[in-house]
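**Student:** Before I ask anything, here is the structure I am working with.
The values are calculated or read from the model by the stated rules, or taken from the named source; none is laboratory data. Note that the structure is a prediction, hence the values are computed from the model and not measured. Cβ atoms come from the backbone with ideal geometry, glycine included; neighbour counts cover every protein chain shown. Side chains included, ligands, DNA and RNA excluded: accessible areas come from the protein's heavy atoms. Shrake-Rupley method; radii C 1.70, N 1.55, O 1.52, S 1.80 Å.
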Amino acid sequence: MTAKLLEGKVFAGQIKETVRQELTALKSEYGITPGLAVIIVGENPASRVYVANKHRSCEEIGIYSKVITLAEHTGKDELLAEIMRLNLDERIHGILVQLPLPDHMKNAEKEIMNSISPAKDVDGFHPVNVGKLAIGEESLVPCTPYGCIKMLELAGIEMNGKRAVVIGRSNIVGKPMFHLLLARNATVTVCHSRTHNLAEITSQADILVAAVGKPGFVTKDMVKSGAVVIDVGINRIAEKKLVGDVDFQAVKEVAGAITPVPGGVGLLTIAMLLHNTVKAAQMICKSSS
Ligand code: NAD
């Protein structure tokens with residue numbers, strides 16, 4: 001069997017089309033253009049590229065984008081004051097602090113992230129949004145796992161009653177992925193670094209999500225014939241070579257559908273950030289009308 005390729009650009013395009021329609025509706029109904037503010041502290045070159053991509057994507061689609069660049073030596077209080085200003089800024093509906101923060105702010109990361117208003121927390125990392133996701137209330141959902149779910153939905157892949165296995169239990173991918181699959185009535189198992197007999201568990205999965213951060217970690221013998229394999233991993237193995245967590249060449253021979261890396265889930269993360277910014281604007285408008 002050769003698996004169907006789930007290409008990120010196809011689904012990202014569909015999500016962006018819906019975002020465009022919602023932007024038009026927000027303009028005509030409330031007269032607003034949603035705004036996203038991204039704060040970057042310091043000179044991390046990878047972070048600069050990510051922030052530039054987010055800014056470009058917002059501009060392309062018609063979301064107001066504000067990038068706030070703070071010097072490496074910026075203090076915690078200064079950053080918190082900037083976040084407070086943005087929490088109150090009516091032009092801004094989504095706030096994102098680009099991670100990682102400089103070393104001197106590492107200990108304050110939780111306090112900084114939690115100071116973002118939950119209503120504007122387009123990363124979906126605030127405890128209020130994490131809790132709402134866990135109890136099935138409407139919330140802002142972390143972009144990468146949300147993108148995986150949107151991809152499954154748009155590809156018409158049934159989750160109801162299916163056996164899903166997530167490898168990885170991070171707060172930004174594995175745990176929200178668990179809640180999202182559970183909410184769609186999958187029977188979900190979360191595996192992690194202490195899991196015994198991993199291959200035995202993964203080979204029962206109808207839907208297998210890998211979010212480990214180890215190149216080629218998921219091998220052919222770990223995958224059930226016909227399974228849907230979602231590869232969240234992004235691993236740089238050479239200067240210009242990115243690979244996922246799945247041994248793509250071997251696994252595509254047994255899987256029913258598979259996401260490539262690059263060109264898979266990664267493309268959906270920014271699309272979902274745009275979606276979340278519009279959603280935050282919709283929720284803010286509804287609650288104040
Ligand atoms: P993380 O390091 O926080 O978590 C990795 C998880 O893998 C942990 O929960 C750990 O228990 C598990 N793990 C490690 N070794 C294992 C083993 N031997 N067996 C089973 N489980 C094991 O990573 P993360 O932030 O969740 O990211 C995971 C991957 O996804 C990374 O490659 C990251 O770059 C990528 N990622 C991609 C996007 C995107 O936009 N596509 C976004 C976020 C993360």
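**Student:** Keeping the other protein chains in place, figure out the carbon and sulfur percent of the accessible area of segment 45-144, with a 1.4 Å probe.
**Tutor:** Reported share for carbon and sulfur atoms: 54 percent.
**Student:** In whole Hz, what ³J(HN,Hα) sequence does segment 135-142 give by Karplus (6.51, -1.76, 1.60; θ = phi - 60°), x for Gly and Pro?
**Tutor:** Taking θ as phi minus 60°, the curve returns 9, x, 9, 4, 7, 8, 10, x Hz for segment 135-142.
**Student:** Now for a separate question. At 0.36 nm per residue, minus the direct Cα-Cα distance, what do residue 59 and residue 46 gain on full extension? Give it in nm, one decimal, please.
**Tutor:** Gain in length upon complete extension: 2.7 nm.
**Student:** Could you give the distance between the Cα centres of segment 78-95 and segment 152-222, to the whole Å?
**Tutor:** Cα centres, segment 78-95 to segment 152-222: 36 Å.
**Student:** While we're on this one: Taking R0 as 22 Å, what's the FRET efficiency between residue 88 and residue 288 from their Cβ-Cβ distance, rounded to 0.05?
**Tutor:** Once rounded, the FRET efficiency stands at 0.95.
**Student:** Using DSSP, restrict attention to beta bridges with both residues in the chain and report what percent are antiparallel, rounded to the nearest 5.
**Tutor:** Working: 3 of 33 bridges.
Expressed as a percentage, antiparallel bridges in the chain total about 10.
**Student:** Can you list which of the GluC sites (Glu not before Pro) found in segment 123-202 are DSSP loop residues with at most 10 other C-beta atoms within 10 Å?
**Tutor:** Taking segment 123-202 and a limit of 10 other Cβ atoms within 10 Å, the loop GluC sites (Glu not before Pro) found are 137, 138.
**Student:** Shifting gears a bit: With an 8 Å cut-off on Cα pairs and a minimum separation of 6 or more residues, tell me the relative contact order of segment 143-267 in percent.
**Tutor:** Computed value for segment 143-267: 22 percent relative contact order.
**Student:** Out of residues 5 or more away from residue 37 or on other chains, whose amide H comes under 5 Å of its own, with H placed 1.01 Å from N in the peptide plane?
**Tutor:** 66, 93, 94, 95, 96
**Student:** Straight-line reach from residue 66: which lysines fall under 16 Å, measuring Cα to Cα and dropping same-chain residues less than 8 apart?
**Tutor:** Residue 66 reaches 54, 120.
**Student:** Just to verify a number: FRET efficiency for residue 154 and residue 185, C-beta to C-beta distance, R0 = 22 Å, to 0.05?
**Tutor:** The computed FRET efficiency comes out at 0.80.
**Student:** Can you tell me the accessible area per residue over segment 30-117, all protein chains present, probe 1.4 angstrom, in square angstrom? Write down the numbers at each step before the final one.
**Tutor:** On the way: 4410 Å² over 88 residues.
Each residue of segment 30-117 exposes 50 Å² on average to a 1.4 Å probe.
**Student:** Using a cut-off of 19 Å between alpha-carbon atoms, which lysines can reach residue 220, once sequence neighbours fewer than 8 places away in the same chain are excluded?
**Tutor:** 4, 252
**Student:** How large is the helix-only mean residue ellipticity at 222 nm for the chain, computed as the sum of -39500 (n - 2.57) over DSSP H runs with n ≥ 4, divided by its residue count, in deg cm²/dmol to the nearest 500?
**Tutor:** Values: 10 runs with 122 residues, N = 289.
Rounded to the nearest 500, the figure is -13000 deg cm²/dmol.
**Student:** Can you give the longest run of the chain that contains no trypsin sites (Lys or Arg not before Pro) sitting in a DSSP loop with at most 12 other Cβ atoms inside 10 Å?
**Tutor:** In short, 92-193.
**Student:** I've got another one for you. For labels at residue 80 and residue 4 in the simple 7 Å Cα→Cβ model, what's the distance in nm?
**Tutor:** Going by the 7 Å Cα→Cβ label model, 5.1 nm.
**Student:** Could I ask something else about it? Work out from phi, with θ = phi - 60° and the Karplus expression 6.51 cos²θ - 1.76 cosθ + 1.60, the ³J(HN,Hα) of each residue of segment 169-175, listed in order in whole Hz, and give x for Gly and Pro.
**Tutor:** 10, 6, 5, 8, 10, x, 5
**Student:** In terms of modelled amide H atoms, which long-range or inter-chain residues lie less than 5 Å from the amide H of residue 187?
**Tutor:** Those qualifying (amide H under 5 Å, at least 5 residues apart or on another chain) are 161, 162, 163, 164.
**Student:** For residue 255, list long-range residues whose amide hydrogen, built 1.01 Å from N in the peptide plane, is under 5 Å from its own amide hydrogen.
**Tutor:** Counting only residues 5 or more places away or on other chains, the set is 3, 226.
**Student:** Against the longest alpha carbon principal axis of the chain, how many degrees, from 0 to 90 and to the nearest 10, is the axis of helix 266-288 turned?
**Tutor:** Long axis of 266-288 versus the principal axis of the chain: about 50 degrees.
**Student:** Can you compute 3J(HN,Hα) from phi for each residue in segment 190-199, using the Karplus curve 6.51 cos²θ - 1.76 cosθ + 1.60 with θ = phi - 60°, rounded to whole Hz and x for Gly and Pro?
**Tutor:** Calculated HN-Hα couplings, in order: 9, 10, 8, 5, 9, 5, 8, 6, 4, 4 Hz.
**Student:** Taking the Cβ-Cβ separation of residue 196 and residue 237 as r and a Förster radius of 22 Å, what is the calculated FRET efficiency to the nearest 0.05?
**Tutor:** Efficiency computed from Cβ-Cβ geometry: 0.20.
**Student:** Can you return the lysines within cross-link range of residue 27? Criterion is Cα-Cα under 17 Å, with same-chain partners fewer than 8 residues away left out.
**Tutor:** Output for residue 27: 16, 279, 286.
**Student:** Moving to a separate point now. Evaluate the relative contact order of the chain (contact order divided by residue number), counting alpha-carbon pairs under 8 angstrom at least 6 apart; express in whole percent.
**Tutor:** About 23 percent, as a whole number.
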